[in-house]
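Novice: Starting off with a structure, shown below.
The values are calculated or read from the model by the stated rules, or taken from the named source; none is laboratory data. If you're wondering where the values come from, they're calculated on a predicted model, not measured in any experiment. When we count neighbours, we look across all protein chains shown, and the Cβ atoms used for this are built from the backbone with ideal geometry, even at glycine.
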Amino acid sequence: MLTAERDELMRIIRQLSYEQREVTLASGRKSDFYFDGKQTTLHPRGALLVGKAFYAALRQFPAPVQGVGGLTLGADPIATATALVSALEGQPLPAFIIRKEPKGHGTGQWLEGRKNVPPGSRVVIVEDVVTTGGSSMKAIERAREEGLEVLGVITLVDRQEGGAEFFAANDMPFVAIFTKAEVVG
Ligand SMILES: O=P(O)(O)OC[C@H]1O[C@H](OP(=O)(O)OP(=O)(O)O)[C@H](O)[C@@H]1O
Ligand SMILES: O=C(O)c1cc(=O)[nH]c(=O)[nH]1
């Protein structure tokens, strides 16, 4: 990914995703700011640049990487964008989605895109935002229960609130495309 593209992606995150307001986070913590990752990952240029950034970051994991996915909903557009860029680059890599609960009818499954990532596939978990790392760990555990080998986690933004330390303590390789400090200081 070019430096100019990385800079453009950072500007999109700053302009569209960063909000200063009182919020309750997934972990139950309170915060006075929030990254609405989907504002960036669903933006046309944002989606393309996210796909390029995550595809490039996959090089930091030992080959072969055979799939990319994560916990719905934040991971969905990221996994799709990464798969699309991988196809454009001639190295096609399937995306998958992990549900927060199993589908209540039909297939009843936890993992969507199953046929493209059979048991034994080596996969990377993607996230839009990591705070504590708890949501990513849920995805990791479910992926393992589905027979996947998890190589690590990539997030678009690391809020630098304990997630990196949590992954280190769990021997889980972790890559942040941006830290909160890089985006907003
Ligand atoms: O590192 P953590 O402390 O777990 O927090 C980060 C998680 O919170 C957000 O998801 P959210 O639960 O808001 O769900 P959504 O993607 O369905 O909107 C975000 O997409 C991460 O998955
Ligand atoms: O911790 C969270 O739940 C969280 C923080 C944030 O900035 N953005 C988000 O989508 N989730």
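Novice: Would a scan of segment 100-108 turn up a residue that is basic (Lys, Arg), surrounded by 13 or more Cβ atoms within 10 Å (Cβ to Cβ) and within 21 Å of Ile140 (Cα to Cα)?
Specialist: Within segment 100-108, not a single residue is basic (Lys, Arg), surrounded by 13 or more Cβ atoms within 10 Å (Cβ to Cβ) and within 21 Å of Ile140 (Cα to Cα).
Novice: Looking at segment 9-18, can you tell me whether even one residue there is touching a residue at least 60 places away in the same chain (Cβ under 8 Å) and either farther than 23 Å from Ala181 by Cβ or of a type in the set (Lys, Arg) (or both)?
Specialist: Within segment 9-18 (the criterion being touching a residue at least 60 places away in the same chain (Cβ under 8 Å) and either farther than 23 Å from Ala181 by Cβ or of a type in the set (Lys, Arg) (or both)), the answer is yes, since at least one residue qualifies.
Novice: Please state which one of Phe178, Phe174, Phe166 is among the aromatic types (Phe, Trp, Tyr) and surrounded by fewer than 19 Cβ atoms within 10 Å (Cβ to Cβ).
Specialist: Phe166
Results for (1) assigned to a helix (DSSP H, G or I); (2) at positive phi; (3) surrounded by 22 or more Cβ atoms within 10 Å (Cβ to Cβ), shown as yes or no for each residue.
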position: Glu8; (1), (2), (3): yes, no, no
position: Arg14; (1), (2), (3): yes, no, no
position: Gly28; (1), (2), (3): no, yes, no
position: Lys38; (1), (2), (3): yes, no, no
position: Val50; (1), (2), (3): yes, no, yes
position: Phe54; (1), (2), (3): yes, no, yes
position: Arg59; (1), (2), (3): yes, no, no
position: Pro64; (1), (2), (3): no, no, no
position: Thr80; (1), (2), (3): yes, no, no
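Novice: In addition: Report those strands (runs of 3 or more DSSP E) wholly inside segment 110-185 carrying at least 1 residues which are at pLDDT 95 or above, among the charged types (D, E, K, R) and away from ligand 1 (no atom under 15 Å from the Cβ). Spell out how you get there, then give the answer.
Specialist: Working: elements: 122-130, 149-158, 174-179.
Of the strands (runs of 3 or more DSSP E) lying wholly inside segment 110-185, those with at least 1 residues that are at pLDDT 95 or above, among the charged types (D, E, K, R) and away from ligand 1 (no atom under 15 Å from the Cβ) span 122-130, 149-158.
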